[in-house]
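Everything below concerns the one structure shown next.
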Amino acid sequence: MKIDVGILGATGEVGQKFVVNLQNHPWFRISALFASERSAGKSYAEALGYGTEASRWFVKSVPEKKVLDMTVAEVGEASGDEADLFFSALPSETARDIEGKIAKEKPVVSTASAYRYFDDSFTYLPGVNESHAKIIEIQRKNRGWKGFVVPQPNCTTIGLALSLKPIHDRFGLERVTMVSMQAVSGAGYAAVSSWAEQRRAQGSSLPEALGYFVAGTFEGNVIPYISGEEEKVKKETVKLLGDFVDGKIIPASFKIACKCNRVPVLDGHTESVFIETKSKCSVDELKEAWKRYRGEPQRLALPTAPKQPIVVTEAVDRPQPRFDCMVEGGMAVVIGGVAANVFENGFQYTVLSHNTELGAAKGAVLAAEYLYSIGMIK
Ligand code: NAP
């Protein structure tokens, strides 16, 4: 029998991706959809204007009729009785209250940051920090919850942390520097829609408008600031690669610096990474460590897990978001341009990850599959 799941923030960019990743899931079944009061009381199709000129549906896959016909409820009315598991794609300000309320009774897996930074949070990146999962018991005890909130890391942390994991495990890390080139889709529906609207005003259909590469504020431009992003990436990366000792996560000790930029790309965060390892190793050994890496999602053969979580390309001009961000269904990170540099034990590489697949809804579905497989979701 399938587990009933509710989606909080189902009409947004990440919420729509939850719908397409859950509507034919082998273990989960969508039982309830929630959004703001402007969508509440309408069918999912009406709330999105699906099939009309004003459609807000912008995922390539098609939603099933039974999902389009479901009535959207207001997020504030969710009691926890509507499902056995909730996925949350709410803005963080709203997520704090709602996710906490539902977690009193039921598990919540979230793409929002509201519960990421507490000492009792299991901020989970599949394939990287399953050893921290016992924190869920601490969260339950601390807060008197029967459920829990498991947030995902920030979408920019994900490619970096997954690429560092095998290197940190095998060779140790002294120092990490990262410069990101982040897709516009990570800025949420409002950003993407303002971009698409301009194209539509010029006579394009919505799919055509979204197919355009750049427009609006993003056209021919780079925005070298994303509020709070750099602090999140630094804090999360050392925590994800940290050890779990006596009920606490001890962050990894390497130094990390980063600079984040928004660039005119629709999907896929590209990062230039510079590392210094603790022990001596070669470019070939790094590549071998990445290629051989398999985590818990692969060991457990979870339905949404990529077969190969880290893919290494030898092409000098790859990875590129347009061509490579859907490798393994958007669930793998792709690494290229691996080279030694002038620093002692210094290397550099490019890593690409999909910000709304592995970095949001699909990654959260994989996280829930792991929690289900270890008996945390019933
Ligand atoms: P979005 O497109 O703006 O969607 C927000 C959703 O929340 C919509 O369903 C909206 O419903 C609902 N909502 C907004 N304000 C609300 C309120 N006051 N009360 C109740 N519901 C409300 O945002 P998104 O890009 O999908 O992001 C969702 C979450 O995922 C955010 O926390 C974001 O930081 C995180 N995230 C996003 C990405 C990404 O690449 N986009 C990646 C990782 C994590 P209506 O449609 O009815 O307004």
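The values are calculated or read from the model by the stated rules, or taken from the named source; none is laboratory data. These numbers were taken from a predicted model, which means no experiment stands behind them. Methodologically, a virtual Cβ is constructed for each residue, glycine included, from the backbone with ideal geometry; neighbour enumeration extends over all protein chains shown. Quick note on the areas: whole protein, heavy atoms, side chains included, nothing else; ligands and nucleic acids left out. Shrake-Rupley method; radii C 1.70, N 1.55, O 1.52, S 1.80 Å.
Within the chain, antiparallel bridges make up roughly 45 percent of the DSSP beta bridges whose residues both belong there.
Each other residue within a Cβ distance under 12 Å of residue 24 adds +1 if Lys or Arg and -1 if Asp or Glu, for a net charge of +2.
A simple packing score, the average count of other Cβ atoms within 10 Å per residue, orders the peptides 352-365, 133-146, 16-29 as 352-365, 16-29, 133-146, with the highest score first. Stretching the chain fully between residue 259 and residue 274 yields a gain of 4.2 nm (0.36 nm per residue, less the alpha carbon separation).
In percent, rounded to a whole number, the relative contact order of the chain is 17, using alpha-carbon pairs under 8 Å and six or more apart.
Measuring against 26 Å, Cα to Cα, the residue pairs 42/66; 101/307; 134/239; 17/378 contain 101/307 as the ones spanning a longer distance. Residue 224 sits among other residues whose Cβ lies under 12 Å from its own Cβ, and their net charge, with Lys and Arg +1 and Asp and Glu -1, is 0.
Rg/Rh for the chain stands at 0.96; both radii use Cα atoms, and Rh follows the Kirkwood definition. A probe of 1.4 angstrom, applied to the heavy atoms of all protein chains, finds residue 310 with accessible area near 0 square angstrom. Calculated accessible area for the chain comes out at 42 Å² per residue, all protein chains present (probe 1.4 Å; ligands, DNA, RNA ignored).
Note on the stretch 224-256 and the stretch 83-153: Cα centroid distance 17 Å, given to the nearest whole angstrom.
At a 1.4 Å probe, what is the % contribution of carbon and sulfur to the accessible area of the chain? Within the chain, the accessible surface is 52 percent carbon and sulfur.
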